[in-house]
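Q: I'd like to ask you about the structure that follows.
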Amino acid sequence: METLGEPGSAVKVVASRNGVIYEMRAGVPLPPMVTLTEVSKIYIRGSDRICGLDHVTLDIGSGSFCAFVGPSGCGKSTLLGLVAGLLKPRSGTLRFGEQVLCDVSQRVFVPPWQRHFGMVFQDGQLFPHLSVRSNLLYGHAHLTAAERRFDLAAVAQLMEITSLLDRRPALLSGGERQRVALGRALLYSPRLLLLDEPLSSLDDRLKQQILPYLKRVKEETRIPMLYVTHSRSEVDYLADRVLTMEAGVLVTA
């Protein structure tokens, strides 16, 4: 299924590939998806003040797979946490498209559950007492029919986990758990997908197994993604744009 507008118009393109529905725009440049303006984050630990992010200003384009690389403690995960709403900045503004997610000076803060972003962590964070099927449907079940862009069968097929639906997480390999975690994030039909070192807990063999699935998600769903990693080989394989961070600032943008 594909719906196109008049040549040169800015109408939506709605397409279906392998049962997954996504939206994009044809023939026109898209506005920035995520905008940070002078965003800072300070951590207070006892008498110490640690700079997590230092007046970062950044535009990330719509529809892109943007990766953040750098050493431990450079601010990558802090930036992702601020976008997700898991952290509050000390100063600055953060927007998603035209929506203001946080403006410290105006005391505006949209909580994470109202941002409708999906997040995948290092360890997957699956619910151990639930089956794979129930884990996958956890966020999906709280969506209205109009909000659901993906269905269980299509996502299970995309992640190749159909045969695992009745298992518990304890019976899965590390790679299978991360595929389930990614599938759960997709079934939440997020506006933005945030991945915080999702492969760091896996050995090289399992990383090589998961990378093609991440690429399929990128190419077949068109959900914009922000990806944090230490691994340059991962971003070379996946990312459209790579930003390097050091000591809470962007070295390249």
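The values are calculated or read from the model by the stated rules, or taken from the named source; none is laboratory data. This structure is a prediction, so every number in the text was calculated from the model and none was measured. No Cβ is skipped: glycine too gets one built from the backbone with ideal geometry, and neighbour counts run over all protein chains shown.
Q: Can you tell me which residue in region 170-207 is surrounded by the fewest Cβ atoms within 10 Å (Cβ to Cβ), limited to those that are more than 25 Å from Leu101 (Cα to Cα) and of a type in the set (Lys, Arg)?
A: Top of the filtered list is Arg205.
Q: Restricting to region 32-61, give me the number of residues that are among the small types (Gly, Ala, Ser) and surrounded by fewer than 16 Cβ atoms within 10 Å (Cβ to Cβ).
A: 3
Q: Check whether at least one residue in region 160-179 is under 14 Å from the mean Cα position of the chain (by Cα) and either among the hydrophobic types (A, V, I, L, M, F, W, C) or over 15 Å from Lys218 (Cα atoms) (or both), and report yes or no.
A: There is at least one residue in region 160-179 that is under 14 Å from the mean Cα position of the chain (by Cα) and either among the hydrophobic types (A, V, I, L, M, F, W, C) or over 15 Å from Lys218 (Cα atoms) (or both).
Q: Ok, one more. Scan region 37-83 residue by residue and report those that are touching a helix residue (DSSP H, G or I) at 6+ places or on another chain (Cβ under 8 Å) and over 18 Å from Leu195 (Cα atoms).
A: Correct list: Val39, Lys41, Gly52, Leu53, Val56.
Q: Output the qualifying pairs, or none if there are none: Cβ atoms under 6 angstrom, residues six or more apart or on different chains, first residue in region 76-98 and of a type outside the set (Ser, Thr, Tyr), second residue assigned to a loop (DSSP other than H, G, I, E, B).
A: Taking only residues 6 or more apart or on different chains, the pairs are Lys76/Gly70; Gly81/Leu87; Leu82/Pro89; Gly85/Pro111.
Q: How many of the residues in region 94-128 are in a loop (DSSP other than H, G, I, E, B) and either modelled with pLDDT of 95 or more or in contact with an Asp or Glu (Cβ under 9 Å, 6 or more places away or on another chain) (or both)?
A: Selection size over region 94-128: 6.
Q: Which members of region 61-92 meet the condition of being part of a loop (DSSP other than H, G, I, E, B), at pLDDT 95 or above and within 13 Å of the chain's Cα centre (by Cα)?
A: Result: Gly85, single match.
Q: If a residue counts only when it is among the hydroxyl-bearing types (Ser, Thr, Tyr) and over 24 Å from Asp59 (Cβ atoms), which helices (runs of 4 or more DSSP H) contained entirely in region 147-253 have at least 1 such residues?
A: 204-221, 232-238
Q: Still on this structure, please answer the following. Taking interchain pairs and intrachain pairs at least six residues apart, which have beta carbon atoms under 8 angstrom, with the first residue in region 238-253 and over 22 Å from Lys41 (Cβ atoms) and the second surrounded by fewer than 14 Cβ atoms within 10 Å (Cβ to Cβ)?
A: If the second residue must be surrounded by fewer than 14 Cβ atoms within 10 Å (Cβ to Cβ), the pairs left are Leu238/Lys215.
Q: Within region 63-73, which residues are surrounded by 15 or more Cβ atoms within 10 Å (Cβ to Cβ) and farther than 14 Å from Leu243 by Cα?
A: Gly63, the sole residue that qualifies.
Q: Of all residues being in contact with a Phe, Trp or Tyr (Cβ under 8 Å, 6 or more places away or on another chain) and not small (Gly, Ala, Ser) in region 74-84, which is surrounded by the most Cβ atoms within 10 Å (Cβ to Cβ)? Just the residue, please.
A: Leu79
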